[in-house]
Amino acid sequence: MVAAVVPDTSHLPAAPTAAQAGQVWLVGTTSYVVYWWNGTAWQTLNMAAGPQGPAGTAGPTGPAGPQGVVGPTGAQGPVGATGATGGMSQLLPPTWVDASTLLITPWKVLPGSLVDYYIDGFGRCQLRGEVYFQGGNPTDASIIMTCPPGTTPTQTATLMAVEDVIPTRVYRVDVRTDGNIVLRFPVPNSTGQIFLDSLSWSKE
């Protein structure tokens, strides 16, 4: 405990009082010398750092820091080796894809038929299967179905479809730029049973 701070040793008492026993005095104005009464005289105490204490126990792990920024894109790698030359025997046939979900009510898949589409290597779409208009007698511009994904043409494609009736009738079908496939100008009291197998168009 510090008993007092004095500017020089002339301000030190001849001896500290009983209440100040064991206390130190700081002598100086900006830097200080520590004086201690040893029981008979004042003596200075040389202050030095003690030995390093033992390491304390490790504290708990702190929370994760925020995600750093994405680093710059690396350089383009070298061009790979040229692959082997293909041949006609390596061509893969197009795969038929279910198109029944593209039908617009009240058009339905005729029981026993499958309504599918495929897109060939030239981007041409082909339909197959038979549909019918529930209740018969479809009206002009009735929407049969929507175009399969990625096949909407840039200009309307006008095609022909066959009605499943005796004698056979052929109807105009438009594949429109709004993505709808519509029946045009059916005769009154039509059965509404249409084969889609003749419908094929290109997007461009």
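The values are calculated or read from the model by the stated rules, or taken from the named source; none is laboratory data. Everything numeric in this text was worked out from a predicted model, so none of it was measured. Glycine gets a Cβ as well: all are built from the backbone with ideal geometry, and neighbour counts include every protein chain shown. For accessibility, only protein heavy atoms count, side chains too; no ligands or nucleic acids. Shrake-Rupley method; radii C 1.70, N 1.55, O 1.52, S 1.80 Å.
Summary table
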read-out	value
Relative contact order [Cα under 8 Å, 6+ residues apart], the chain, whole percent	15 percent
Principal axis box of the stretch 129-197, alpha-carbon based, largest edge first, Å	35, 20, 17
1.4 Å probe accessible area per residue over the chain, in Å²	67 Å²
Packing-based ranking, highest mean first, of 71-82, 123-134 given that Cβ atoms within 10 Å are counted	123-134, 71-82
Residue (of ALA157, LEU92, GLN43) at the positive-pole extreme of the chain, dipole from beta-carbon charges	GLN43
Span from the the stretch 1-27 Cα centroid across to the the stretch 105-153 one, whole angstrom	107 Å
Test item: Cα-centred dipole of the chain, Lys/Arg +1 and Asp/Glu -1 on Cβ, debye	120 debye
Prolate/oblate/rounded label for the stretch 69-136 (Cα gyration tensor, a/c 1.5)	oblate
Nitroxide proxy distance, nm - points 7 Å out along Cα→Cβ at VAL79 and ASN46	8.0 nm
Convex hull of the chain built on C-alpha atoms - directionally averaged projected area, nm²	34.0 nm²
Among 58-65, 189-196, 1-8, 169-176, the order from most to least packed when residues are scored by Cβ within 10 Å on average	189-196, 169-176, 1-8, 58-65
Carbon and sulfur %, accessible surface of the chain computed with the full protein complex present, 1.4 Å	58 percent
Distance (nanometres) between label positions extended 7 Å along Cα→Cβ at THR30 and SER89	9.9 nm
